[in-house]
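The values are calculated or read from the model by the stated rules, or taken from the named source; none is laboratory data. No experiment lies behind these values; they were computed from the predicted model shown. Note that each Cβ is placed from the backbone with ideal geometry, even for glycine, and that neighbours are counted across all protein chains shown. All accessible areas refer to the heavy atoms of the entire protein, side chains included, with ligands and DNA or RNA removed. Shrake-Rupley method; radii C 1.70, N 1.55, O 1.52, S 1.80 Å.
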Amino acid sequence: MPKIREMSPHLADLIAAGEVVERPASVVKELCENSIDAGAKSVTVEIKNGGMTEIRVTDDGCGMSPEDVETAFLRHATSKIYSERDLEAIATLGFRGEALAAISSVSRVELLTREPGAGEGTRLLLEAGVKTDKAPAGAPAGTTIYVRDLFFNTPARQKFMKNDRAESSAVGVAVVRLALSHPEVSIRYLRDGREEYHTPGDGRLQSAAYCTLGREFAMGLLEVSNKTDTMEATGYTSTPGAARGNRSWQFFFVNGRAVKSKLLQAAVEQAYKNSLFTGRFPVCVINLKMNLSAVDVNVHPTKMEVRFSDERAAFDTVYWAVRGALEREDGPGELKISQGTLKVTGAAQNTGSFQKSAAAKPRGDFFKSVSAEDYRSGKVGHVVSGEKIEFRDVVKSGYQTKLDLPAPSKIKAPEAYPEYPAPGAAGEGGKTHAASGTWAADGASEAEEIPAAEAEVREWRMVGEALNTYIIVERGDSIFLIDKHAAHERILFDKLKAQKREPSAQMLLTPVVCALSGEDERTILENLELLEKLGFEIDEFGPSTLALRQVPMDMDLSDPRGTLEEIAGKLRLGGKRDVEAMGDDILHTVACKAAIKAGKRSEPEELSDLIEKVLSGAVRYCPHGRPVSMELTKYQLDRSFKRA
Ligand code: ADP
Ligand code: MG
C-alpha cells in the first residue's frame, strides 16, 4: 500500500490557514486588503471580543457576481493575477488567492455582496470552508464579510489567543497600517460598538496619521521626500526629540503595502545616527514607491516581507530622504564632496553637539549639494561623519541587537545617561544641562565636600566629583573612582528586586495617562499579570491609552510613557525568556530611569550612602554588568610617578 497520499483540499486549507490566519488581526488585514483591491472608497471594520466572536468588514468596492462568490473561497482562486508574467509586477495587495479559503476554513463566514450595476446581490454562508447556504439577497453595492467564531474548529490555535484586549489592540495596529498606507480610503474602526478611528480618506497621509496615531504624533513630524530615477520615498519622520523607547511607531510601506523591513529600518536609523541616544528610536511613516518589477512581494504568505532587486537603492533613497528632512529641520552640516566621498562636516560631524549647534544654524537645502544621480551612481561614496555606512552590515548583523543593553565597553556616559544633569546642579540653584546630548566639561564645578571630621569617622574621604560622573574617594592607601549613576542604579535595582517577594508600590493619587502605540499597548496588556507582580496597576483608558494607577515604589514619574515604551520593547524582545528574567529586566528599566532622575539632586547624604555601599562591597556591578568602581592604589600611583 502506498504511504504517500495527496492531502484533501480541506486539510491543505487548514495548513495554509496556519500561516495566513494567525489571529483576528490577520483576518482583518486580509479582508481590508481585499476591500482596497476592490477599489473601495470607504471600509468599515467592526470587531467584537477582540475579533474572536465576530469580525465584520464592509466596503463599497466592486462587489462580486453570483457566479464568482463561491470561487472566491477556493484555494488559489484569484481575480488578480492570471499568468506567470503577472507575478513579476503585482499591483494589488492580494494575489495568492488563499486568504478567503484560509479564513473560511477556520470560522463561520457570511458574505453579502452586490456589484454596483447589478439589481440583486448574493448571500453565501460557509462553515469550516463548506458552503451551507447560497441565495440571492438585497444588499448595498459592495461587499460585507462577517467572520464568526474564529478557530472554532482548531482548538489548538485558539489556545494561543491572548485576552480580548490584546487581540483588539492587534487589530487596531493592523487597521492603522492600512489607514496609513491608503490615506485615499476612508477607514473606520469600531471595537465592541465604539468607534476608535475614522480617517477622512482625503488622500493626505497627515490626516490619516492624525486620526489614527493622534495629534501629538502628527504634529511632531517632519516631511520626508526624496525622488530618484527609480524610486521615491515620501512620508514623515520625527524630530530627534520626539523619538520613542522602541520601534513600534515605525511604519514602512512599499508601493502601498505595509512591510516589515530591517533594511528600511536601518536606513532610517542610520540617518539619525549621532542625533539620537542609544535606546531611542525615531518614529516614522515612510512610503517607498518603485517600479512594480523592482520588488518581489511573493516572499511570505502574509505578504509583509518584500525583497528589493536593488537593496542599495532602496536603502539610499530612504536614508537620504530622512537625512534631508533632518538637515532641513536642524540646519545642515556643511556638505563637501571631495575625491569621490561625500562628507558631512561641521555641525553634523561633531557627535556630542550635533543637536545644539545644528539648531543654531539656518535651515538649508541638503540636497542642493549632492544630486541623487551622483550618490546613486557611486560617484560619491556614503561617508557621513567620516564613517562609512555599510548598510549590508547593519542588516546582516541584525539591527535588533541594538535594542539590547549596550556592551560594557561601548558605554559612553553621555549616551547612556542623556538626562543626567551638569555637575553641581543642586548647588547651583538647579541649573541643569538640557538633555541635548551636549556633555561639556566646562560646567564642571566643585563637588560637595564632606566635612573632614565626618569623613574620618567613616574612614574614607570624598575628594570630589569629576566629569559629571565619577566620585573620587580616598580610603587608606587607595583612591576609588565610583561611577555614581551605575552605583545608584544598582542600589535601586537591588531594592526593587528585594521588593519583588513583597512588592511595595506607590498608589498614584491621580492616575497617569499615557498614549502609546497600539503595539505597545497590546504588549503591556498581554503582560499585565507580570507587571502587576512587579507593583504596577494599569488600566485601559481609551484608544491606545493606558492609565497607570500604581507603580513600583521608586519609579520615576517624569517620563511614564518612555518607561512604558521601554518596558514594552523589552517584553517583546523577551519572547521566550522566563518570567523571572523578564521581571528583572523590567526592574532594570525602572531602576535606570529612577537613577537618572535621582542623580539630579545628589545630596551629600545620598552620595555618602552610595559610597558606603560601594566601599563595603555590597555593590560591585550595575544592573547592566558594568563595574561601578575602580581602585587606584598608592603603590600604582607611586610607580607611575617613578616614586616606587
Ligand atoms: P486574493 O486577494 O489573493 O486574490 P482572496 O482569497 O483574498 O485572494 O480573495 C479571492 C478573490 O475574491 C479576490 O481575488 C477577489 O476577486 C474576490 N474578493 C475578495 N474580497 C472581495 C471584496 N471585498 N470585494 C470584491 N471582491 C473580492
Ligand atoms: Mg486577498
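Do any strands (runs of 3 or more DSSP E) entirely within region 172-235 hold 3 or more residues that are of a type outside the set (Val, Ile, Thr) and farther than 23 Å from Ser35 by Cβ, and if so, which?
221-227
How many residues does region 31-62 hold that are of a type outside the set (Val, Ile, Thr) and within 15 Å of ligand 2 (Cβ to nearest atom)?
12
Can you name every residue in region 533-551 that is at pLDDT 85 or above and farther than 29 Å from Thr212 by Cβ?
Residue satisfying the conditions is Gln550 alone.
Residue by residue through region 62-89, note down the ones that are open to solvent by 60 Å² or more (accessible area, probe 1.4 Å), hydrophobic (A, V, I, L, M, F, W, C) and within 30 Å of Lys289 (Cβ to Cβ).
Listed by number, the residues that qualify are Cys62, Leu87.
Please state which of the following conditions Met7 fails to meet, knowing it meets all the rest: (1) surrounded by fewer than 21 Cβ atoms within 10 Å (Cβ to Cβ); (2) near ligand 1 (Cβ under 8 Å from one of its atoms); (3) of a type in the set (A, V, I, L, M).
Among (1) surrounded by fewer than 21 Cβ atoms within 10 Å (Cβ to Cβ); (2) near ligand 1 (Cβ under 8 Å from one of its atoms); (3) of a type in the set (A, V, I, L, M), the lone unmet condition for Met7 is (2).
Just give me the residues in region 621-644 being part of a loop (DSSP other than H, G, I, E, B), of a type outside the set (A, V, I, L, M, F, W, C) and modelled with pLDDT of 75 or more, in sequence order.
Scanning region 621-644 gives Lys642, Arg643.
For Ala17, state whether it is touching a residue at least 60 places away in the same chain (Cβ under 8 Å), within 28 Å of Asn255 (Cα to Cα), open to solvent by less than 20 Å² (accessible area, probe 1.4 Å) and more than 8 Å from ligand 1 (Cβ to nearest atom). Full working, then the answer.
Numbers: touching a residue at least 60 places away in the same chain (Cβ under 8 Å): yes; within 28 Å of Asn255 (Cα to Cα): yes; open to solvent by less than 20 Å² (accessible area, probe 1.4 Å): yes; more than 8 Å from ligand 1 (Cβ to nearest atom): yes.
So Ala17 passes the test.
Among the numbered criteria (1) of a type in the set (S, T, N, Q); (2) open to solvent by less than 40 Å² (accessible area, probe 1.4 Å); (3) in contact with a strand residue (DSSP E or B) (Cβ under 9 Å, 6 or more places away or on another chain), which single criterion is violated by Thr92?
Among (1) of a type in the set (S, T, N, Q); (2) open to solvent by less than 40 Å² (accessible area, probe 1.4 Å); (3) in contact with a strand residue (DSSP E or B) (Cβ under 9 Å, 6 or more places away or on another chain), Thr92 violates only (3).
What single numbered condition from (1) under 23 Å from Val21 (Cβ atoms); (2) touching a residue at least 60 places away in the same chain (Cβ under 8 Å) fails to hold for Gly201?
(1)
Among the residues in region 44-61, are any in contact with a helix residue (DSSP H, G or I) (Cβ under 9 Å, 6 or more places away or on another chain), open to solvent by 60 Å² or more (accessible area, probe 1.4 Å) and within 7 Å of ligand 1 (Cβ to nearest atom)?
The answer is no, given that none of the residues of region 44-61 is in contact with a helix residue (DSSP H, G or I) (Cβ under 9 Å, 6 or more places away or on another chain), open to solvent by 60 Å² or more (accessible area, probe 1.4 Å) and within 7 Å of ligand 1 (Cβ to nearest atom).
Which of the residues spanning region 549-563 are out of contact with any helix residue (DSSP H, G or I) (no Cβ under 6 Å at 6 or more places or on another chain) and either in a helix (DSSP H, G or I) or among the hydrophobic types (A, V, I, L, M, F, W, C) (or both)?
Matches in region 549-563: Val551, Met553, Leu557, Pro560, Arg561, Gly562.
Please specify each residue of region 79-128 satisfying the condition of being within 20 Å of Thr53 (Cα to Cα) and within 12 Å of ligand 1 (Cβ to nearest atom).
Answer for region 79-128, where residues must be within 20 Å of Thr53 (Cα to Cα) and within 12 Å of ligand 1 (Cβ to nearest atom): Ala99, Leu100, Ala101, Ala102, Ile103, Ser104, Ser105, Val109, Leu111, Leu112, Leu124.
Please go through region 552-571 and give me each residue that is over 15 Å from Cys592 (Cα atoms) and either surrounded by 23 or more Cβ atoms within 10 Å (Cβ to Cβ) or at pLDDT below 80 (or both), ordered by number.
Result: Ala568, single match.
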